[in-house]
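The values are calculated or read from the model by the stated rules, or taken from the named source; none is laboratory data. Because the structure is predicted, anything quoted here is derived from the model rather than measured. Cβ placement follows ideal geometry from the backbone for every residue including glycine, while neighbour counts extend to all protein chains displayed. These area figures cover heavy atoms from the full protein model, side chains too; ligands, DNA and RNA do not enter into them. Shrake-Rupley method; radii C 1.70, N 1.55, O 1.52, S 1.80 Å.
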Amino acid sequence: MIPSLGPCVAGTALPVLHQIRTRRPAYEPGARLSHIRDLVETGEGSKVTVHRAFKALEAEGLVTVSRGHGTVVRQPVPLKRLGIYRYDKAKWRDGDEVAFIADRVASGRAYRRNEQTQTVSRVEAPPKVAEALGLPVGAEVYARARLVKEGEQPTHTLTSYYRPEHVEGTRLVDPTPGPAGRGGGFRVLYDAGYEIDHMREALLARPATSEETKLLRLPPGEPVMELHRTTYTADGTVVEFAIGIHAASRFAWEYDFKVPDSAQKPEKE
């Protein structure tokens, strides 16, 4: 924990704002500030002054305040959330760069495989999941719910739903923290004979629920980006439907694609 905010001029929070903006070593992302009462007791300023400093830092998005975790310095640059290139087959089929790791690599950020934790359960398919997987509502599916962190800060959740006959007995139903073995879930599907071919992603922005605010340690009022991903094989079989909840300020969504021209007729072979 950071022992001091540094000197605060009476009635202003500018010095501490400058120290955190300039990223002095003690104020690197993830660093936790001391409690207001401790700073007051050590002579950093009056309760009003220090409280004002904390509020100014939070308002400028420099720190995150959450119950049970205190005040933590935020990562100033959002992660790149790559578009199609995060799913490049060469990354997971031939290597070990699963999607969340591909985002970290593209962002120049460190990662550990165990920064993804998960729980696996067999549940009744909610209507949206049942529709995507082509099942009746209430049919049993596997739900693989992951929480992904960068260091100690959560970035997003992702829950993948599968038909039992596609994943029974595979690493996708193993709750061990980290990706599902080398190459992650897509490699598991590939080895089981379900090579992914194309996807559909839908995005929507919305207010965070109280549960999401707590789980992702969101600052007050921060929205989330909800992702729906449907993954198909070449013959159109849906092998995964996933719902992701992303902290809005922690990602920059990046897409690179060829502009279509539907007026052009395909060449005959």
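Computed quantities for the displayed model
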quantity: Candidate set: segment 46-104, residues that are small (Gly, Ala, Ser) and assigned to a helix (DSSP H, G or I); chosen: the one modelled with the highest pLDDT; calculated: Ala90
quantity: Members of segment 203-238 that are outside any helix (DSSP H, G or I) and under 18 Å from Gln118 (Cβ atoms); calculated: Leu227, Arg229, Thr231
quantity: Qualifying residues in segment 210-229 (those that are without any contact (Cβ under 8 Å) to a residue 60 or more places away in the chain and among the charged types (D, E, K, R)) - the one surrounded by the fewest Cβ atoms within 10 Å (Cβ to Cβ); calculated: Glu211
quantity: Test set (1) at pLDDT below 75; (2) surrounded by 13 or more Cβ atoms within 10 Å (Cβ to Cβ) - His35 fails condition number; calculated: (1)
quantity: Check on Gly236, at positive phi and open to solvent by less than 60 Å² (accessible area, probe 1.4 Å); calculated: yes
quantity: Filter pass, Arg182 being in contact (Cβ under 8 Å) with a residue 60 or more places away in the chain and of a type in the set (Lys, Arg); calculated: yes
